[in-house]
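K.L.:
Mind having a look at this structure? Questions to follow.
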Amino acid sequence: MAPDLLSVRDLTVGFATENGIARVLDHVSFAMRPGEIMGLVGESGCGKTTLARAILGVLPESAGIDSGSITFGTTNLLGADTQAIRGRDIAFIPQDPFGSFSPLFTVGDQMAELMRWKSPERAPGERGYKRARRRNDAARIIAALKAVQLPDAERLLRKYPHELSGGQRQRVMIAMALLPEPRLVIADEPTTALDVTIQAQILKLLRELATERGASVLFTTHDLGTAWEICDRITVMYAGQEAETAEVADFFSRPRHPYTAMLLASLPTQGSALKGIPGDVPSPFTPPPGCRFHPRCPRASDACRTSHNETAEPASGHHVRCHHPHLWPAA
Ligand SMILES: Nc1ncnc2c1ncn2[C@@H]1O[C@H](COP(=O)(O)OP(=O)(O)OP(=O)(O)O)[C@@H](O)[C@H]1O
Ligand code: SF4
Ligand SMILES: [Mg+2]
């Protein structure tokens, strides 16, 4: 099997707030392989965006990484200057792309500026912007817009971001994310703000682009149905801890973590996936010790209430962070 492209180990992140420290990620571990789409799934507030931002190196100043490592290929992303990797080898598609564009410049100007610095043809440390590369980069921009099914690219490049629809802006964002030919694309709920038909088109596009270009995609969503449609593997998070990572088929048919099993069993109540699980999600300010799911877990033991829940691999490629992993019947 190919070595991991991305490896997150024991990542612990807290936010300093007026009310104390919010312990948002607690010893999170998971890994991604080259060319796969990984779904990072969990309900609102479980830490998906914080994890994505930690990988991208764009956590807010109030956030602190207390422990852990993030490795991309052989590079420690928490180490020295990784700016070049992060803009080029790792790309980001945010939930609402509007805020990522400048309102003052045309789409064409913004794509050209991106390529000036992040073009795959740019040599490290290259000064200036030679005419030959500029011409090639312009052709790459047109090709990228066609690839994300934006016809009439020349006309679109003359428009300002506010003149595009939400779906068009998201496609431009995907084109911009792919232009530097990244090895990893982090897409943070990239379709939530879009209507259902456009959502489906964008997901299909991401799938095709990952398959054709061999990029890995880390895709955050709170919707298991979307994860089922697009992802190769799923990592599910609960209250800042990763609960389980598995191939999609295994995740849905052979869950081994009580949270996953209960989540899947409650699925018919769409849009409120946790309805069927008694109790509340803990506050990040006062998380329970040990396994954060223990106050709601029917299998909780003393060990769950007191000691750190290590991630185990009971079957190949199937990671479960539970003191008592158990093969649950399919929901
Ligand atoms: N800048 C911040 N300061 C303090 N707490 C924060 C900050 N950003 C996020 N949090 C807290 O961290 C926790 C995780 O937030 P995060 O945005 O990572 O969750 P999420 O899984 O992406 O949720 P959603 O599905 O709603 O996008 C939440 O409790 C949130 O309130
Ligand atoms: S570690 Fe214990 S409390 Fe947590 S999910 Fe497993 S059995 Fe339940
Ligand atoms: Mg989020």
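K.L.:
If I go through region 31-41 residue by residue, how many of them are farther than 14 Å from Gly68 by Cα and either assigned to a strand (DSSP E or B) or within 16 Å of ligand 2 (Cβ to nearest atom) (or both)?
P.N.:
Total satisfying the criteria: 6.
K.L.:
Now, a different point. In the set Ser44, Ser102, which member is near ligand 1 (Cβ under 9 Å from one of its atoms) and part of a loop (DSSP other than H, G, I, E, B)?
P.N.:
Going through Ser44, Ser102 in turn, the sole match is Ser44.
K.L.:
Suppose we keep only residues that are near ligand 3 (Cβ under 10 Å from one of its atoms) and surrounded by 17 or more Cβ atoms within 10 Å (Cβ to Cβ) within region 34-44. Which one would you say is modelled with the highest pLDDT?
P.N.:
Leu40
K.L.:
Residue by residue through region 311-331, note down the ones that are within 26 Å of the chain's Cα centre (by Cα), farther than 15 Å from Ala249 by Cβ and either in a strand (DSSP E or B) or modelled with pLDDT under 90 (or both).
P.N.:
Within region 311-331, Thr311, Ala312, Glu313, Pro314, His319, Val320, Arg321, Pro325 meet the criteria.
K.L.:
Now for a different question. In region 65-94, what residues are touching a residue at least 40 places away in the same chain (Cβ under 8 Å) and crowded, with 17+ Cβ neighbours inside 10 Å?
P.N.:
Within region 65-94, Gly68, Ile70, Thr71, Phe72, Gly87, Arg88, Asp89, Ile90, Ala91, Phe92, Ile93, Pro94 qualify.
K.L.:
So, one more: Would you say Gly20 is at pLDDT 95 or above and at positive phi?
P.N.:
Here the answer is yes, as Gly20 does meet what is asked.
K.L.:
Does Val28 satisfy the condition of being touching a residue at least 24 places away in the same chain (Cβ under 8 Å), within 16 Å of ligand 2 (Cβ to nearest atom) and within 15 Å of the chain's Cα centre (by Cα)? It would help to see each step written out before you state the result.
P.N.:
Values: touching a residue at least 24 places away in the same chain (Cβ under 8 Å): yes; within 16 Å of ligand 2 (Cβ to nearest atom): yes; within 15 Å of the chain's Cα centre (by Cα): yes.
In short, yes.
K.L.:
Within 16 Å of ligand 1 (Cβ to nearest atom) and touching a residue at least 40 places away in the same chain (Cβ under 8 Å): is that true of Gly108 in this structure? Walk me through how you get there before you give the answer.
P.N.:
Numbers: within 16 Å of ligand 1 (Cβ to nearest atom): no; touching a residue at least 40 places away in the same chain (Cβ under 8 Å): yes.
Here the answer is no, as Gly108 does not meet what is asked.
So that you can scan it fast, the table gives a plain yes or no per residue for (1) over 18 Å from Ile174 (Cα atoms); (2) among the β-branched types (Val, Ile, Thr):
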{"residue": "Val58", "(1), (2)": "yes, yes"}
{"residue": "Asp66", "(1), (2)": "yes, no"}
{"residue": "Val107", "(1), (2)": "no, yes"}
{"residue": "Met115", "(1), (2)": "no, no"}
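K.L.:
Here is a list of conditions, (1) away from ligand 3 (no atom under 14 Å from the Cβ); (2) over 14 Å from Leu184 (Cα atoms); (3) surrounded by fewer than 16 Cβ atoms within 10 Å (Cβ to Cβ), and Val58 meets all of them except one; can you say which number that is?
P.N.:
All conditions pass for Val58, except number (1).
K.L.:
May I pose another question? For the subset of region 4-14 comprising residues that are part of a strand (DSSP E or B) and touching a Leu at 6+ places or on another chain (Cβ under 9 Å), which member is farthest from Thr286 (Cα to Cα)? Don't jump to the end; show me each part of the working.
P.N.:
Keep residues of region 4-14 that are part of a strand (DSSP E or B), which gives 6-14.
Those left that are additionally touching a Leu at 6+ places or on another chain (Cβ under 9 Å): 6, 8, 11-14.
Working: Leu6: 30, Val8: 24, Leu11: 18, Thr12: 15, Val13: 14, Gly14: 12 Å.
Ranking the candidates gives Leu6 first.
The values are calculated or read from the model by the stated rules, or taken from the named source; none is laboratory data. Worth saying up front: this structure is predicted, and the values here are computed from it rather than measured. Please note: Cβ atoms are built from the backbone with ideal geometry, for glycine as well, and neighbour counts cover all protein chains shown.
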